[in-house]
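Colleague: Below is the structure I would like to discuss, written out as structure tokens.
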Amino acid sequence: MQNTLHAAIAMGLLLLTQTTWAQETRETTCAPVDVTSLRDRVQLQCAEEVRDAGENVRLFVVPAADADFANRFLNTASAALVGGRVLVVQYQGRSLLPGEPSLSCGKACRLVVAVSIR
């Protein structure tokens, strides 16, 4: 009984650690090569891939459900693309879009929490 309790506590701590790590905010620079507004999201594609949690990440997304932020993200990313500027993208580490990711997004998408033009 005591071993079962210790195992359950260890598993709970492990899950908590993994959840906390997955929600960690990270930052990268991005030279935009494409900004696309899709039905379920706005997505930014960068010229260079970023290595995150064993994945090569090139797409950064904002769900269309957050319409105000998606609109600001689209405007900022488009301005950088047209102006030949670099973006600073803050994103949730190892995160995907809520729900089932689409085939065009896959595991290599990261959810944007902030963006600025450098």
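Colleague: Can you give me the number of residues within region 26-61 that are in contact with a strand residue (DSSP E or B) (Cβ under 6 Å, 6 or more places away or on another chain) and in a loop (DSSP other than H, G, I, E, B)?
Modeller: 1
Colleague: Could I ask something else about it? For region 62-111, what are the residues that are at pLDDT below 95, in contact with a strand residue (DSSP E or B) (Cβ under 7 Å, 6 or more places away or on another chain), surrounded by fewer than 15 Cβ atoms within 10 Å (Cβ to Cβ) and in a helix (DSSP H, G or I)?
Modeller: 107
Colleague: Any chance you could count how many residues in region 39-81 are farther than 16 Å from residue 92 by Cβ and touching a residue at least 60 places away in the same chain (Cβ under 8 Å)?
Modeller: Going through region 39-81 one residue at a time, the tally reaches 1.
Colleague: Sticking with this structure for a sec: Take residue 40 and tell me if it is at pLDDT 95 or above and of a type in the set (Asp, Glu).
Modeller: Values: at pLDDT 95 or above: no; of a type in the set (Asp, Glu): yes.
For residue 40, the condition - at pLDDT 95 or above and of a type in the set (Asp, Glu) - is not met.
The values are calculated or read from the model by the stated rules, or taken from the named source; none is laboratory data. Computed from a prediction, not measured in an experiment: that's the story for all the values here. As a convention, Cβ positions derive from the backbone with ideal geometry for all residues, glycine included, and neighbour counts pool all protein chains shown.
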